[in-house]
Amino acid sequence: MTHSETTRITMYGCGPDEAVLFRELAPGLGVQPTITDAPVSETNTDLASGSRCISVGHKTPITHATLRALSRAGVGYISTRSIGCNHIDVEYADSVGIFVENVSYSPDSVADYTLMLMLMAVRDAKAMVRRTDMHDYRLSDVRGKELRDLTVGVIGTGRIGTAVMDRLQGFGCRIVAHDNRPVDRPGTSVEHVPLDELLRWSDLVTLHAPLTAATHHLLNRRRLARLKNGALIVNTGRGALIDTEALVQELESGRLGGAALDVIEDEEGIFYADCRDKPIESKVLLRLQELPNALISPHTAYYTDHALRDTVENSLTNCLTFESRNQHG
């Protein structure tokens, strides 16, 4: 593939900011983009006509019927603009002749945000901001904690988990980590431990594992019960890593100290939408938002200038690499 040739690529589910970047970057890479804000579905696969490759967002699950329709339209490759692929049945896609690949982007966006949520959790920031907004300027009955006095458990030590641990080193806290494939990093003070030990020792647990069948409800009722009284949970990974109903019960009882969640189960159709004038069907989300010790943000940890540019550029590059491999057999 040379850049003098033009490659057609269809980009589905593009927000305005992504569309601007695709239009800016595509011509220099020899790409003729077809851009739509609609997520890919059975009804709009005609937009991919003439495109071997498409790029999709992570906000809407892709059905088997849509994958079959894409295959019939001649699509052989899907680049998802996300690190996770849990919104696509990758094995089924492969069975209908479509290869699925994720993108990498700077882990710093999510790592920075994770540290922010940790600090907000240990300082009870949600309750403090609520009181201040109501002009109640008294000190809280609950004193904050300092990270250097805590043991922080990191579940998942891929690029983002590792970037979180790098940041934590500067706070002087004890770091324990769990991963099915731990990587020794000389010069760091991270202790790799079994999951049950991590849960028993940690004052704060942060989740960075991918969502798979094996990690669904990784923090289930039994494992949540293993956490220390007053422990805090931060999740910037995927909502279904936690059994949310069980988490709500632990928070309501006061046994757990709090949770700061950028992702929750069944967030699709709620997060990224303006729901001010329509009912929220997720009772669990509504209950979490009512709780003074639960802080919710709408899956926004990744959303920085740098990471968004990485995502768009790498999605285009992945598609071109696939086309080049195809051409050269």
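Got a sec? Which of GLU252, GLU191, GLU245, GLU267 is of a type in the set (Asp, Glu) and in contact with a strand residue (DSSP E or B) (Cβ under 9 Å, 6 or more places away or on another chain)?
GLU191
Within the stretch 202-219, does at least one residue satisfy the condition of being within 28 Å of ASN86 (Cβ to Cβ), in a loop (DSSP other than H, G, I, E, B) and β-branched (Val, Ile, Thr)?
Yes: one or more hits.
Considering only residues that are loosely packed, with under 13 Cβ neighbours inside 10 Å and part of a loop (DSSP other than H, G, I, E, B), which ones fall in the stretch 182-201? Please lay out each step first, then the result.
Restricting attention to the stretch 182-201, the residues satisfying the condition of being loosely packed, with under 13 Cβ neighbours inside 10 Å are 182-184, 186-187, 189, 194, 196.
The answer is PRO182, VAL183, ASP184, PRO186, GLY187, SER189, PRO194.
Look through the stretch 274-296, keep the residues that are under 21 Å from the mean Cα position of the chain (by Cα) and in contact (Cβ under 8 Å) with a residue 24 or more places away in the chain, and return whichever of them is farthest from GLY144 (Cα to Cα).
Once the filter is applied, the top-ranked residue is VAL284.
Would you check if there is a residue in the stretch 14-30 being free of Cβ contacts under 8 Å to residues at least 12 places away in the same chain, in contact with a strand residue (DSSP E or B) (Cβ under 9 Å, 6 or more places away or on another chain) and not assigned by TED's automatic domain parsing to the domain that holds LEU241?
Checked the stretch 14-30: at least one residue is free of Cβ contacts under 8 Å to residues at least 12 places away in the same chain, in contact with a strand residue (DSSP E or B) (Cβ under 9 Å, 6 or more places away or on another chain) and not assigned by TED's automatic domain parsing to the domain that holds LEU241.
What about VAL142, is it assigned by TED's automatic domain parsing to the domain that holds ALA260, β-branched (Val, Ile, Thr), touching a helix residue (DSSP H, G or I) at 6+ places or on another chain (Cβ under 9 Å) and surrounded by fewer than 21 Cβ atoms within 10 Å (Cβ to Cβ)?
So VAL142 passes the test.
Tell me which residues, restricted to the stretch 118-128, are in contact with a helix residue (DSSP H, G or I) (Cβ under 9 Å, 6 or more places away or on another chain) and within 23 Å of ILE160 (Cα to Cα).
If the condition is that a residue be in contact with a helix residue (DSSP H, G or I) (Cβ under 9 Å, 6 or more places away or on another chain) and within 23 Å of ILE160 (Cα to Cα), then MET118, LEU119, MET120, VAL122 are the ones that fit.
Please determine whether any residue of the stretch 311-329 is surrounded by fewer than 16 Cβ atoms within 10 Å (Cβ to Cβ), in the same structural domain as THR206 (by TED's automatic domain parsing), at pLDDT 95 or above and part of a helix (DSSP H, G or I).
no
Of all residues in the stretch 53-94 being over 24 Å from the mean Cα position of the chain (by Cα) and of a type outside the set (Gly, Ala, Ser), which is surrounded by the most Cβ atoms within 10 Å (Cβ to Cβ)? I'd like the intermediate steps shown before the answer.
Going residue by residue through the stretch 53-94, those that are over 24 Å from the mean Cα position of the chain (by Cα) are 65, 68-76.
The next check asks that each one be of a type outside the set (Gly, Ala, Ser); those that pass are 68, 70, 72, 75.
Values: ARG68: 18, LEU70: 27, ARG72: 11, VAL75: 24.
Among those residues, the one meeting the criterion is LEU70.
When the residues of the stretch 158-181 are filtered to those that are in a loop (DSSP other than H, G, I, E, B) and not polar (S, T, N, Q), which remaining residue is farthest from the chain's Cα centre (by Cα)?
GLY172
Assuming ALA240 fulfils every condition listed in (1) under 29 Å from ARG143 (Cα atoms); (2) part of a helix (DSSP H, G or I); (3) of a type in the set (Gly, Ala, Ser) apart from one, which condition is it?
So ALA240 meets the others, but not (1).
Taking ILE264 as meeting all but one of (1) in a loop (DSSP other than H, G, I, E, B); (2) out of contact with any His (no Cβ under 9 Å at 6 or more places or on another chain); (3) modelled with pLDDT of 95 or more, write down the number of the exception.
In the conditions (1) in a loop (DSSP other than H, G, I, E, B); (2) out of contact with any His (no Cβ under 9 Å at 6 or more places or on another chain); (3) modelled with pLDDT of 95 or more, ILE264 misses (2) alone.
Just to verify a result, which residue in the stretch 209-245, among those that are among the hydroxyl-bearing types (Ser, Thr, Tyr) and without any contact (Cβ under 8 Å) to a residue 60 or more places away in the chain, is surrounded by the fewest Cβ atoms within 10 Å (Cβ to Cβ)?
Only one residue fits best here, namely THR215.
Quick check on my filter: what residues within the stretch 124-156 are free of Cβ contacts under 8 Å to residues at least 12 places away in the same chain, farther than 19 Å from LEU251 by Cα and charged (D, E, K, R)?
Selection gives ARG131, ASP133, ASP136, ARG138.
Given the condition over 23 Å from the mean Cα position of the chain (by Cα), under 26 Å from ARG200 (Cβ atoms), without any contact (Cβ under 8 Å) to a residue 60 or more places away in the chain and surrounded by fewer than 15 Cβ atoms within 10 Å (Cβ to Cβ), answer yes or no: does some residue in the stretch 253-273 qualify?
yes
The values are calculated or read from the model by the stated rules, or taken from the named source; none is laboratory data. What you see is a predicted model; the values in this text were computed from it and never measured. Methodologically, a virtual Cβ is constructed for each residue, glycine included, from the backbone with ideal geometry; neighbour enumeration extends over all protein chains shown.
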